[in-house]
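Participant: Quick one: structure below, then a few questions.
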Amino acid sequence: MIERLILEVVPNSGSGELSSLTGQMAIKIEGGQHYYEFEYELA
């Protein structure tokens, strides 16, 4: 079984050099192992 959870960066929540950060992170669980994928963009 594969489980997946997706988290998103809250718009306008960054400050300083990260003020333009946007993106999302996925947590995947396969065979009891956790994998994290963070896709982001800085304008």
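Participant: Per residue of the range 31-38, in order, report the coupling 6.51 cos²θ - 1.76 cosθ + 1.60 (Karplus, θ = phi - 60°) as ³J(HN,Hα) in whole Hz, putting x for Gly and Pro.
Facilitator: x, x, 9, 9, 10, 10, 10, 10
Participant: While we're looking at this one, here's another question. Any chance you could list P(r) for the chain, counting all Cα-Cα pairs in 10 angstrom bins from zero, rounded to whole %?
Facilitator: Over the chain, the share of Cα pairs per 10 Å bin runs 28, 41, 22, 9, 0 percent.
Bear in mind that the values in this text are calculations on the coordinates, not laboratory data. Only a predicted model underlies this, so the values are computations on that prediction, with no experimental measurement involved.
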